[in-house]
Amino acid sequence: MKNSIQDGSDERKFLHDIAGPVATAMFLLDAILESFQGVSGVSPSDVDQLRNALGALEKAKKMLEDRRAVLIQRGVPSARS
């Protein structure tokens, strides 16, 4: 029987474990950006930086999803299986 390092399920677990913090950060940034709507005194450059950070997290989320899809297509089992 293969261990999780050999069968790749450890990678699927890692992808799952990291997706949660990425989603949380995305949610918080989105909430902050929404709260800045119509507020005077908020620097446009600060808003742009938050949007850039959100964009970077969206890219990371997409990369995680794409890698997970590749592993599933290859038949790599979930670590929970």
field: Failed item, numbered, when Ala79 is tested on (1) among the small types (Gly, Ala, Ser); (2) at positive phi; (3) touching a residue at least 12 places away in the same chain (Cβ under 8 Å)
entry: (2)
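Within the range 22-81, take every residue that is of a type in the set (Ser, Thr, Tyr) and not in a helix (DSSP H, G or I) and give me the one that is farthest from Glu11 (Cα to Cα).
Within the range 22-81, the first condition is being of a type in the set (Ser, Thr, Tyr), and the residues that meet it are 24, 35, 40, 43, 45, 78, 81.
Narrowing further to those that are not in a helix (DSSP H, G or I): 40, 43, 78, 81.
Details: Ser40: 45, Ser43: 40, Ser78: 9, Ser81: 13 Å.
The qualifying residue farthest from Glu11 (Cα to Cα) is Ser40.
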- prompt: Are there any pairs with C-beta distances below 8 angstrom linking a residue in the range 26-40 that is in contact (Cβ under 8 Å) with a residue 12 or more places away in the chain and closer than 17 Å to Leu57 by Cα to a residue that is acidic (Asp, Glu) and in a helix (DSSP H, G or I), with the two at least 6 apart or on different chains, and if so which?
  reply: Met26/Glu58
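Read-outs throughout are calculated quantities, based only on the coordinates presented, and are distinct from any laboratory measurement. Since the structure is predicted, the reported quantities are computational estimates derived from the model, not experimental observations. Backbone-built Cβ (ideal geometry, glycine too); neighbour counts: all protein chains shown.
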